[in-house]
Every structure is written in structure tokens, then in C-alpha cells.
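Here the structure is laid out as C-alpha cells; the discussion comes afterwards.
The values are calculated or read from the model by the stated rules, or taken from the named source; none is laboratory data. Because the structure is predicted, anything quoted here is derived from the model rather than measured. As a convention, Cβ positions derive from the backbone with ideal geometry for all residues, glycine included, and neighbour counts pool all protein chains shown. With ligands, DNA and RNA removed, areas are computed over all heavy atoms of the protein, side chains included. Shrake-Rupley method; radii C 1.70, N 1.55, O 1.52, S 1.80 Å.
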Amino acid sequence: MSDRAEKLLTIRHNVSRTAHIVLDDGICKSCGQQACLYFCPAGCFSLVDREVKFQYEGCLECGTCRVMCAHNALKWDYPQGGYGVSVRLG
Ligand code: SF4
Ligand code: SF4
């Protein structure tokens, strides 16, 4: 197993019912690049019937989408306290 895969196995998600990142579907519909399909390390963005869909549950909170979306289509925040990713040590 690669080092990267081993590190990912140490990550735990405590998923909130409230999405910490919300996509503006209207902006995404007119986006030609759809770069988010490639830059999210967790694969939270996917193409369904030619539309970009987002699922926050597997988010690694890296912030890449916040910086890289050229159209500012994301309302981005960290998960509420106690939720989100944590790393198991040892
Ligand atoms: S999130 Fe940004 S990059 Fe992805 S489809 Fe929407 S506007 Fe385009
Ligand atoms: S913060 Fe990182 S892991 Fe989460 S959706 Fe954005 S790019 Fe993906």
C-alpha cells in the first residue's frame, strides 16, 4: 500500500447533517471548465446527466475548491465544531 493510501486510512469523518460547502447550481450550469471534477482530492464533485453535483460528506477540508473555482460558485466554511475530518494517531 502506498504512503498516501495509508495516510487516507487514518482519516475519520464525523458527518454533520448540515453541509459546510454549498454549490451554486446556477453558476455551475454555465461553467465551461468544470475544473472541480479534477482538482478535488476526495472526488466530491461528479458529473450527473452533464451537470456537476457535489457531495460534502467525504470532504477533506483542504480548501482547494475555495481557491480554484474560477467562478466563485462555492459558499465555503469549515464543518460545525465536532464534525468533519479527524486523524487517528498511532
Ligand atoms: S464548482 Fe466552480 S469549477 Fe466546478 S462547475 Fe461550479 S463553477 Fe465550475
Ligand atoms: S475542500 Fe477539498 S476535499 Fe473538500 S470539496 Fe473542496 S477540494 Fe474537495
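Per-residue answers, yes or no, for (1) under 15 Å from V22 (Cβ atoms); (2) β-branched (V, I, T):
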| position | (1), (2) |
| --- | --- |
| D49 | no, no |
| Q55 | yes, no |
| C65 | yes, no |
| C69 | yes, no |
| N72 | yes, no |
| P79 | yes, no |
| V87 | no, yes |
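Looking only at segment 55-82, residues that are open to solvent by 40 Å² or more (accessible area, probe 1.4 Å), in contact with a helix residue (DSSP H, G or I) (Cβ under 8 Å, 6 or more places away or on another chain) and under 14 Å from Y38 (Cα atoms) come to 2 in all. Of all residue pairs spaced 6 or more apart or on separate chains, those with beta-carbon atoms under 9 Å, a first member in segment 55-75 that is touching a residue at least 12 places away in the same chain (Cβ under 8 Å) and a second member that is of a type in the set (D, E, K, R) and within 14 Å of ligand 1 (Cβ to nearest atom) are H71/D24; N72/D24; A73/D24; A73/D25; L74/D24; L74/R66; K75/D24.
Conditions tested, residue by residue: (1) of a type in the set (K, R); (2) within 15 Å of ligand 1 (Cβ to nearest atom).
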residue	(1), (2)
T18	no, no
K29	yes, yes
F39	no, yes
D49	no, yes
Q55	no, yes
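Does L89 count as more than 9 Å from ligand 1 (Cβ to nearest atom), closer than 28 Å to K7 by Cα and not in a strand (DSSP E or B)? Criteria met by L89.
Per the listing L60, L47, the residue uniquely out of contact with any Lys or Arg (no Cβ under 7 Å at 6 or more places or on another chain) and within 10 Å of ligand 2 (Cβ to nearest atom) is L60. Please enumerate the residues belonging to segment 1-35 that are in contact with a Phe, Trp or Tyr (Cβ under 6 Å, 6 or more places away or on another chain) and exposed (fewer than 14 other Cβ atoms within 10 Å of the Cβ). Listed by number, the list holds a single entry, N14. Across segment 44-53, the qualifying residues are those that are out of contact with any Gly (no Cβ under 7 Å at 6 or more places or on another chain) and in a loop (DSSP other than H, G, I, E, B), and the one among them that is surrounded by the most Cβ atoms within 10 Å (Cβ to Cβ) is R50. Under the condition of being touching a strand residue (DSSP E or B) at 6+ places or on another chain (Cβ under 7 Å) and not in a loop (DSSP other than H, G, I, E, B), the residues counted in segment 1-28 number 8.
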